[in-house]
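Report on the following structure.
The values are calculated or read from the model by the stated rules, or taken from the named source; none is laboratory data. Predicted model, so just to flag it, every value in this text is computed and none were measured. Every residue, glycine among them, receives a Cβ derived from its backbone with ideal geometry; neighbour counts consider all protein chains shown. Protein only, heavy atoms only, side chains kept; ligands, DNA and RNA dropped before computing areas. Shrake-Rupley method; radii C 1.70, N 1.55, O 1.52, S 1.80 Å.
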Amino acid sequence: MPDLTDKKTAGEIPAQRTETGAAPKQEKARSLGSDAWHDLRRKPIFVISALLILLLIVIAIAPGLFTSVDPRAGDLRLHYLTKPNYSHFFEADWFGYDLQGRSIYARVVYGARASVVVGITVTLGVTILGGITGMLAGYFGGWIDTIISRVTDIFFGIPLLLGALVILNAFTSRTIWSVVFALVALGWTQMTRVMRGSVITVKQADFVTAAKALGAGTTRILWKHILPNAIAPVIVVATIALGGYIATEATLSFLGIGLHHARRRGARRPRPEAPLREEVTTPMTTVIENDQKSDRLDVGTPLLEVKDLHVEFHTRDGIAKAVNGVNYSVAAGETLAVLGESGSGKSVTAQTIMGILDMPPGKVTQGEILYRGQDMLKMSNEDRRKIRGRKIAMIFQDALSALNPVLSVGYQLGEMFRVHQGASKAEAKAKAIELMDRVRIPAAKQRVNDYPHQFSGGMRQRIMIAMALSLQPDLIIADEPTTALDVTVQAQVMDLLAELQAEYNMGLILITHDLGVVADVADKIAVMYAGRIVETAPVHDLYANPAHPYTKGLLRSIPRLDQKGQDLYAIKGLPPNLLKVPAGCAFNPRCDVATDLCRTEIPALHHVTDKDGKELTGRRSACHLWKETLHG
Amino acid sequence: MGSYVLRRVLQMIPVFFGTTLLIFLMVYSLPGDPVAALFGEKAADPAVVASIKHKYFLDQPIWKQYLHYMGNLFQGDFGTSFTGRPVADIMADAFPVTIRLALMAFVFEMVLGLALGVVSGLRRGSIADTLVLIMTLVVISIPVFVLAYIAQTVFATNLGWVTPTVQDSYDLSQLILPAIVLGSLSLAFVARLTRTSIGENLRADYIRTAVAKGLPRRTIITRHLLRNSLIPVVTFLGTDLGALMGGAIVTEGIFNVQGIGNVLYRAINQKEGPTVVGIVTVLVIVYLVASLLVDLLYAVLDPRIRYA
């Protein structure tokens with residue numbers, strides 16, 4: 001486990017830098033650091049490991065506290081006459097005696113001292129030496145970098161153990177410091193490389209440019225701005241290397257070249273485990289849940305119906321209710337736009353429909369998702385898989401990360417035909433080219449073997465669309481398909497999607513937070529807030545006359561050409577924390593017209609009527625004051 | 001690609017000379033008189049010492065020694081050890097043994113390491129995963145000489161399956177146990193690296209896409225997950241193969257394998273300059289070639305990397 005003091009420094013060095021002010025990134029680094037430190041202290045494994053390291057350091061400083069026996073004093077008879085007594089804690093014969101009759105326990109205690117001293121001093125030495133050279137190479141570049149980099153290359157060619165053996169052989173009397181010298185002399189280049197890479201990254205950060213623009217000197221920039229931000233990876237590598245140096249020293253001793261008295265040190269030293277990221281349970285096994293056999297398909301029902309869906313996330317801080325009773329339906333050829341801020345539950349609903357929600361932490365607690373009348377939540381994994389891609393397909397937001405970077409787009413497109421239709425390799429490729437033509441990718445034939453990173457953002461999103469369309473599914477779910485694109489490209493991609501949807505008569509669920517995208521393509525809109533639908537309406541009715549204060553606020557916050565010179569409206573406050581959704585209407589703390597009723601009672605999704613009391617088809621509003629909002 | 005390889009090869013030249021010079025300096029300019037060491041406890045005849053020194057160029061300044069050595073090297077002459085045996089002969093005896101040992105260790109660490117890593121990466125938190133984590137942690141924490149002694153005690157002394165040390169270094173079956181010990185540390189790294197890499201890639205967007213495409217789990221794992229996850233592992237394996245070829249001083253020593261590591265260890269202790277420098281020169285070449293291959297392999301595996 002990482003050394004206690006090192007971790008602390010990692011968090012605190014950036015924190016001291018905040019008085020320089022002009023560095024937003026430092027602010028972030030600081031809060032991250034202290035958060036991590038806070039989290040660490042609550043982890044028992046960290047506390048235990050830290051205590052062990054501390055114990056080791058205490059042993060190194062004061063071995064006399066743990067044994068009064070001289071590790072060098074041996075009585076040859078002891079080895080043969082005395083057996084180890086494992087219940088004699090902290091006594092000379094606890095671990096028994098070695099061949100020369102020395103107490104093994106005492107030797108372990110004193111041996112720890114050599115290990116800790118070598119480990120810490122070597123680590124400090126290589127960090128300082130490597131840190132300085134790495135910083136120079138990374139910051140100044142040019143010939144300084146060339147020289148330093150070549151020198152590190154040269155040192156990398158010599159194995160550490162081998163070099164140490166050669167160097168130590170030159171010392172006639174070897175002390176702990178000759179070992180330290182040999183290891184530092186050979187090991188520093190490792191830190192140079194790490195520091196150089198880190199400095200090169202930090203050097204390009206905006207706050208360094210800002211500091212330069214403000215006229216800060218080179219020394220100041222290096223010391224105050226670069227060092228604190230670049231040191232973190234070095235410290236991580238140093239913590240791991242510490243264990244390595246201790247092991248190398250032990251091996252040198254074993255080979256008879258290190259410290260002579262330390263020869264028989266055992267393996268009793270905690271070592272840093274490779275730092276693994278905090279792990280969350282993986283999605284693979286969990287996209288799949290029910291195993292009941294499906295019934296016959298029922299024709300004549302809507303394509304997809306979501307009924308009273310509830311989804312929760314079980315987190316460390318409590319249960320986040322992400323979706324709380326969502327109802328919507330889509331028919332063939334129809335476009336439903338689901339509108340909402342991040343955290344409104346729009347994407348979680350879509351992922352649940354697709355069956356790609358990470359479970360755990362996600363959990364469907366209630367509700368049905370009917371595809372042509374059949375509850376998909378009750379289907380077997382295999383049945384569900386066959387619907388995915390073939391009947392219901394999804395378009396993701398960020399095509400660059402949603403496409404596999406190491407497979408050609410032709411392969412990824414063709415895979416649909418190979419897996420679902422058993423097409424041959426050649427057929428699949430021909431179909432892939434056809435699809436790419438269909439989404440108007442120029443020179444499809446030449447580009448079919450290209451990789452995702454070789455396409456522009458707009459082209460990649462077209463490939464995503466082509467992939468979703470490949471098997472002509474009944475329904476497409478598009479999760480913010482244009483968010484990552486430029487405005488002009490956005491329009492092209494949306495047009496393409498709308499055109500293809502009409503052509504194949506597919507249902508489309510368009511998830512977005514952008515009201516502008518919705519207006520042209522959607523038939524009806526469902527507005528979501530805090531995991532509930534707060535208003536549904538045909539698209540033009542909603543724009544013309546919203547029946548919920550939240551929708552009203554959203555519409556007012558769109559910039560308009562006819563209102564030049566005015567301040568842009570923004571809904572006050574922030575979306576609610578899903579761990580603590582406000583009582584009553586979740587929107588009430590941000591609502592201008594909220595009453596006491598709104599603060600206590602959750603509004604039902606009311607049917608909406610016009611001024612004459614005639615029901616407006618397709619219109620619902622979850623507001624106690626829908627009448628006032630709509631007509632007032 | 002071609003011009004990249006050429007540039008890399010050109011860059012290797014100064015590194016090659018630098019590294020060999022460094023080891024040359026370490027071997028010849030550090031204190032300690034190798035010729036005197038030849039005579040052991042006996043007093044040496046100054047005339048004999050002088051003639052030996054002259055024969056091995058040791059009476060020349062260090063830079064002349066280096067140039068002389070390099071000149072011979074490019075004519076294929078690795079020099080002669082102080083015992084009179086050509087260094088090339090010594091290496092010809094030892095390298096085949098080390099290569100066999102290294103390849104066996106490599107196959108062992110690769111096959112088992114990948115298998116363990118994949119299983120534990122896919123089933124995080126399962127019993128299998130926990131076992132893999134604990135086992136690899138133990139292996140990583142224990143210095144190799146301890147592991148070697150444990151293996152010796154268990155398999156030779158207690159079970160009697162093998163002889164404690166290798167009797168015939170050319171017999172592959174006798175090399176199995178040393179190879180396992182030698183490969184075990186890297187195996188632990190491979191398993192952990194694979195596990196972490198798989199865990200990270202499992203959460204990648206393109207895996208979500210693959211699920212949404214309705215691909216069977218098997219296809220998702222083999223086609224989409226493994227290829228991406230293996231990139232860092234392959235890099236590690238490539239570098240490690242280079243390192244294994246350098247011989248294993250400790251493992252070869254304990255099991256009495258007559259490979260490069262053993263020869264090198266003895267040569268260092270006896271201040272056998274020509275042998276040390278000769279072997280290290282070859283090792284530097286192996287290292288340089290291995291790291292070039294790793295870089296090229298990286299580009300093959302990850303199409304985002306194109307060397308121009």
Given that compact globular proteins tend to follow 2.2 N^0.38 Å, what is the ratio of the alpha-carbon Rg of region A:114-262 to that value? 1.18
For region A:189-261, the fraction of alpha-carbon pairs in successive 10 Å shells from zero, as %: 19, 32, 22, 14, 9, 3
Taking 7 Å along the Cα-to-C-beta vector as the label spot, tell me the A:D514-A:T488 distance in nanometres, rounded to one decimal. 1.5 nm
Normalised alpha carbon radius of gyration of region A:281-522 [divisor 2.2 N^0.38 Å]: 1.00
Pairs of Cα atoms under 8 Å, at least six residues apart: use those to get the relative contact order of region A:114-262, whole percent. 37 percent
Could I get the Rg over Rh figure for region A:539-632? Both from C-alpha atoms, Rh via Kirkwood, rounded to two places. 1.00
Whole angstrom only: what separates the Cα centroid of region A:518-558 from the Cα centroid of region A:381-453? 34 Å
Assuming R0 = 35 Å, can you tell me the calculated FRET efficiency for the pair A:T600 and A:I558, based on Cβ-Cβ distance, to the nearest 0.05? 0.65
Leaving out ligands, DNA and RNA, and with a 1.4 Å probe, what % of the accessible surface on the protein assembly as shown is carbon or sulfur? 60 percent
Taking a probe of 1.4 Å and leaving out DNA, RNA and ligands, region B:109-230 shows per residue an accessible area in Å² of 42 Å²
Stretchable slack from B:I13 to B:V154, in nm (0.36 nm times residue separation minus alpha-carbon distance): 46.1 nm
Only Lys, Arg (+1) and Asp, Glu (-1) charged, at Cβ; region A:539-632 dipole about Cα centre in debye: 240 debye
Springs between alpha-carbon atoms under 10 Å, Gaussian network over chain B: tell me which of B:E109, B:E200, B:E252 tops the mean-square fluctuations. B:E200
Most mobile of B:L22, B:L193, B:L101 in a GNM of chain B (Cα contacts under 10 Å): B:L22
May I ask you to compute the full-extension gain from A:H314 to A:S456, defined as 0.36 nm times their residue separation minus their alpha-carbon distance, rounded to one decimal in nm? 47.3 nm
Using a simple charge model, +1 on the beta-carbon of Lys and Arg, -1 on the beta-carbon of Asp and Glu, nothing else, what dipole does the protein assembly as shown show about its Cα centre, in debye to the nearest 20? 880 debye
Region A:381-400: which residues show an accessible-area loss of 50 Å² or more, assembly versus chain alone, 1.4 Å probe? A:R385, A:F396
Tell me, what is the per residue accessible area of region A:539-632 in Å², probe radius 1.4 Å? 63 Å²
For B:A115 and A:L51, what does the FRET efficiency come to when R0 = 35 Å and r is the distance between their Cβ atoms, rounded to the nearest 0.05? 0.50
Note down the magnitude of the dipole of chain B about its Cα centre, charges +1 on Lys and Arg C-beta and -1 on Asp and Glu C-beta and zero elsewhere, to the nearest 20 debye. 1480 debye
Simple spin-label estimate for A:N449/A:R220, 7 Å along Cα→Cβ, in nm, reads 5.7 nm
Summed buried accessible area for A+B [probe radius 1.4 Å, Å², rounded to 100]: 5800 Å²
Got a sec? Which residues in region A:373-414 would a label at A:Q472 touch, if it sits 7 Å along Cα→Cβ and we count backbone N under 17 Å? A:389-393
Given A:K307/A:K431; A:K363/A:K524; A:K378/A:K524; B:K53/B:K271; A:K321/A:K391; A:K431/A:K524, the pairs whose alpha carbons are separated by over 25 Å: A:K307/A:K431; A:K363/A:K524; A:K378/A:K524; A:K321/A:K391; A:K431/A:K524
In cubic angstrom, how much convex hull volume per residue do the alpha carbon atoms of region A:378-500 span? 104 Å³
Mean shadow area of region A:51-158 over all directions, Cα convex hull, nm²: 10.0 nm²
Counting only C-alpha contacts under 8 Å and six or more residues apart, can you give the relative contact order of chain B as a whole percent? 27 percent
How big is the convex hull of the Cα atoms of region B:133-217, per residue, in Å³? 144 Å³
Linear extension gain, B:D89 paired with B:Q167, 0.36 nm per residue minus alpha-carbon span: 26.0 nm
Here the residues of region A:409-424 whose accessible area is at least 50 Å² smaller with all protein chains than in the chain alone (probe 1.4 Å) are A:E415
Would you list the P(r) distribution for region A:456-615, with all Cα-Cα distances sorted into 5 Å bins from 0 and each bin expressed as a whole %? 1, 7, 14, 16, 16, 15, 13, 10, 5, 2, 0
Per residue, how many Å² of accessible area does region A:353-509 show with a 1.4 Å probe? 37 Å²
Against the 2.2 N^0.38 Å rule of thumb, the C-alpha Rg of region B:213-308 sits at a ratio of 1.57
In Å and on Cα atoms, what radius of gyration and Dmax does region A:488-577 show? 14.8, 44
How many percent of all Cα-Cα pairs in the protein assembly as shown sit more than 58 Å apart? 25 percent
Specify which residue in the list B:V49, B:S229, B:I90 is farthest towards the positive end of the charge dipole of chain B, using unit charges on the beta carbon of Lys, Arg (+1) and Asp, Glu (-1), about the Cα centre. B:S229
Region A:539-632 - percent relative contact order, Cα under 8 Å, separation 6 or more: 29 percent
Put +1 on the Cβ of each Lys and Arg and -1 on the Cβ of each Asp and Glu in the protein assembly as shown; which of A:G553, A:I441, A:V202 then has its Cα farthest toward the positive end of the dipole? A:V202
For chain B, compute Rh as the Kirkwood radius over C-alpha pairs and then the Stokes-Einstein diffusion coefficient at 25 °C and 0.890 mPa s; write the answer in µm²/s, rounded to an integer. 110 µm²/s
Label B:I134 and B:S51 with points 7 Å out from Cα along Cα→Cβ: what is the distance between them in nm? 6.8 nm
